[in-house]
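> First, the structure itself, so that you have it in front of you.
Derivation of every value follows stated rules applied to the coordinates shown; laboratory data play no part. All values reported here derive from a predicted model rather than from experimental measurement. Don't worry about glycine lacking a Cβ; one is built from the backbone with ideal geometry, like all the others, and counts go over all protein chains shown.
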């Protein structure tokens, strides 16, 4: 396997089977983006990091930490006198999906110096088995893995076990600022991740270490070549210029043009690439639902109506959105209805299609021939809502990785697990790992989108200790400009990011909608597919109302729905 193939394998199938801070929003953008991001103290062009750190900090005894039992977070590898004696000798191991990798082990030498905590061998499991493996540990009250990775799709199910620890008090204890009233960490994590992927039923349950969002991606030369631009304007019935698509109709019209006038690309616009199709889309379960929902959410389709009586509501808009996606089928490779993540990544890195929707990191792996230097991303196209008078853009935020901690562990182990997860999640470490060649983690903090963060994509990770398993030290992007444009695309889509469901039954909702989406892309009537999906969702709703109680379930939904309204999604 070549180095390029190893990289694709490492980061691609992480999604299997599965400069400025965000400012004024584009049309229909969520409300939180209008706010200026809070600062990230200690992160900036003057920050320095030493790979081998053996210093200690002279300070008062642990009990004398500022505030009542509060622990300031010190730089990586600096012994923390406020926590060291309390945690010394604890061992922390994690359960991860196989493509989250062993990031705790990258930093074991630093974390042990900081807090006296030993990092054990991470258990890696296939993504489809992640939920079952984590549940099995909790059911057995196993103590082997104090950190269990979940995707937020599982948060309700894991909370229902009664065996994971609410983390509010831990977040209050650990902080970076002098004044603990201002929790700089929680104000740096992007609001939708805090509200939907960390919180559930009013409590915080998770520590994030990955931030996923979909983007619209394209091969740059097909949008910049004068020949194509001139021909498109002459070809288009309204003489529109060839620009990056603002609406779904623009996207489909451009696919039609490329199919009729450009492809197959005999002129070799990209040397070494055989560009054969205008576009493609991931359809196969379990993640097809999210690719469809980029369309549906822009049409204003909510998971349920306000009172949870009707699924995929308003239904007629869901049908309209699905019909729009189906219009892409003639411009996709044959058999697209069976395309999962592996096929879409393979075709993209080979330069076989002009555009596609995918997670933010796909162009990070694309620094390989023949597409190296030819890939870019952009704001997701949207729906021109006649009532709002604007184009509404929505970009799904599916998957994401977070840690939970079993509540039956002894207090020392729980504290050690939280310390390790929190510090690795903190920008002290994460600003480097989200930009690491070997790591499938993506931005989830404001600071991860700054110019300082963009520079990290052009460097090696100064904290990671390379190993035989994770040997790479080369940067992801050759220039700051390329990294900055990559993050700008992420910013634009995070501004309209739409959260996945996080209420009981989420996995069943996702799987049933994925199946119906796949059937519609294969020829099933879209109206029938939506009706069948909605019927399945309502059955699942009723099932979980029976498990947790109707009033309780409605309260969970209304909390989710109110947060959606508060952040401007609906």
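> Using the reciprocal of the averaged 1/r over all distinct C-alpha pairs, how large is the Kirkwood radius of the stretch 194-314 in Å?
Evaluated on the stretch 194-314, it is 18.0 Å.
> Mind ordering 113-122, 488-497, 326-335 by average Cβ neighbours within 10 Å, highest first?
Per-residue Cβ counts within 10 Å, averaged per peptide and sorted highest first, yield 488-497, 113-122, 326-335.
> Sticking with this one: Size of the stretch 135-238 along its principal axes in angstrom, Cα-based, largest extent first?
66, 41, 25
> Take every DSSP beta bridge with both residues inside the chain and express the antiparallel ones as a percent of the total, to the nearest 5.
60 percent
> If you stretched the chain out fully between residue 346 and residue 467, how much longer would it get, using 0.36 nm times the residue separation minus the C-alpha to C-alpha distance?
Extra length available between residue 346 and residue 467 comes to 40.9 nm.
> Another one. Please report, in whole Å³, the volume per residue of the convex hull around the C-alpha atoms of the stretch 483-570.
Spelled out: Cα convex hull of the stretch 483-570, divided by residues, is 130 Å³.
> Next up: Apply the a/c threshold of 1.5 to the C-alpha gyration tensor of the stretch 367-414 and tell me whether it is rounded, prolate or oblate.
It comes out oblate by the Cα gyration axes.
> Can you grab the distance from the C-alpha centre of the stretch 467-515 to the C-alpha centre of the stretch 374-442, Å, no decimals?
Value for the Cα centre distance between the two parts: 7 Å.
> Let me ask something else. Just to be sure I understand the model, the point goes 7 Å from the Cα along the line to the Cβ. What's the resulting residue 459 to residue 558 distance in nm?
Distance between the two pseudo-spin positions: 5.1 nm.
> Give, in nm to one decimal, the length gained when the segment between residue 236 and residue 481 is fully stretched (0.36 nm per residue of separation minus the Cα-Cα distance).
84.9 nm
> Next question. Determine, from the Cβ-Cβ distance of residue 511 and residue 451 and an R0 of 41 Å, the FRET efficiency 1/(1 + (r/R0)^6), rounded to the nearest 0.05.
The calculated FRET efficiency here is 0.50.
> Mind sorting 206, 143 by how few other Cβ atoms lie within 10 Å of their own Cβ, fewest first?
Sorted ascending by nearby Cβ count, the order is 143, 206.
> Then there is this: How far is it, in nm, from the label point at residue 528 to the one at residue 408 when both lie 7 Å from their Cα along the line to the Cβ?
4.8 nm
> Give the order of 249, 212 when sorted by the count of other beta carbons within 10 angstrom, beginning with the fewest.
Taking fewest neighbouring Cβ atoms as first place, the list is 249, 212.
> Sort 550, 524, 464 so the one with the fewest other Cβ atoms within 10 Å of its own Cβ comes first.
Taking fewest neighbouring Cβ atoms as first place, the list is 550, 524, 464.
> Just the ratio, please: alpha-carbon radius of gyration of the stretch 247-293 over 2.2 N^0.38 Å, N its number of residues.
So the Cα radius of gyration is 1.43 times the expected 2.2 N^0.38 Å.
> If you don't mind, there's one more thing I want to ask. Can you compute the modelled spin-label distance between residue 142 and residue 171, with each label point 7 Å from Cα toward Cβ, in nm?
It works out to 2.8 nm between the two label points.
> Ok, one more. Cβ neighbours within 10 Å, averaged per peptide: list 449-462, 431-444, 128-141, 293-306 in order, most packed at the top.
431-444, 293-306, 449-462, 128-141
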